[in-house]
Amino acid sequence: MKKTDHIGVAVKSIEQALPFYTEMLALTLIKEETVESQGVKVAFLDAGNIKIELLEPTRSDSPIASFIEKKGEGIHHVAFGVNHIDERIEELKSKGLKFTSDASKPGAGGAQVAFLHPKQAHGVLYELCDHSYNGGDQHE
């Protein structure tokens, strides 16, 4: 793992949550985008040595909608920056770890992402995030 890339926070509404982060905590909004493949709208905030990624569901069958329905708003995942994500996935699979899907998928900012199954990681959902994949934007 290169570094902790970001912490994902599930919210019902980015529009309603954003003032807390930008006005109260004085974090800078980096960008907003929609990731259709994940059914989510995201907003990245600069928190100094890490980014905060707000995640709002765009459809009722998205993983974030399901998360909010079961657990409410809050921390959804911790993302580690990696290089060569497909090789890293195979390495971790060879150690017996399972992922939530068979292969990496497109994520926000042009990154390629994969999630370790939380049952494998003591209840924490960890994301592998490769910004070098297809020249992804590193939000920096």
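Bear in mind these aren't lab numbers, they're just calculated from the coordinates by the rules spelled out. From a predicted model like this one, the values you see are computed outputs, not experimental measurements. Glycine also receives a Cβ, built like all others from the backbone with ideal geometry; neighbour counts cover every protein chain displayed.
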Spatially proximal lysines relative to Lys93 (Cα-Cα < 23 Å; intrachain offsets below 8 disregarded): Lys2, Lys3, Lys105, Lys119
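Treating only the Cβ atoms of Lys and Arg (+1) and Asp and Glu (-1) as charged, compute the dipole magnitude of the chain about its Cα centre; round to the nearest 20 debye.
Numbers: 15 positive and 21 negative charges, 108 e Å.
Here the chain has a charge dipole of around 520 debye.
Beta carbons within 10 angstrom, averaged per residue: use that to sort the peptides 91-97, 52-58, highest first.
Numbers: 91-97: 10.6, 52-58: 21.9.
Going from most to least packed, we get 52-58, 91-97.
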Amide hydrogen neighbours beyond the local backbone of Phe99, cut-off 5 Å, H modeled: His117
Number of Lys pairs (Cα under 21 Å; 8 or more positions apart or on different chains) in the range 18-76: 5
Karplus 3J(HN,Hα) series, Hz, for the range 117-125 with 6.51 cos²θ - 1.76 cosθ + 1.60 (x for Gly, Pro): 5, x, 5, 7, 10, 6, x, 9, 8
Rounded to 10°, Cα long-axis angle of helix 85-94 versus longest principal axis of the chain: 60
3J(HN,Hα) from dihedral phi, the range 61-66, Karplus parametrisation 6.51/-1.76/1.60, rounded to Hz, x for glycine, proline: 9, 7, x, 6, 4, 5
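Over its Cα atoms, what ratio of radius of gyration to 2.2 N^0.38 Å does the range 3-135 give? Show your work: numbers first, answer last.
Numbers: Rg = 14.5 Å, N = 133, 2.2 N^0.38 = 14.1 Å.
That works out to 1.03 for the range 3-135.
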Sequence-distant residues sharing a close amide H with Ile30 (under 5 Å, placed H): Phe44, Leu45, Asp46
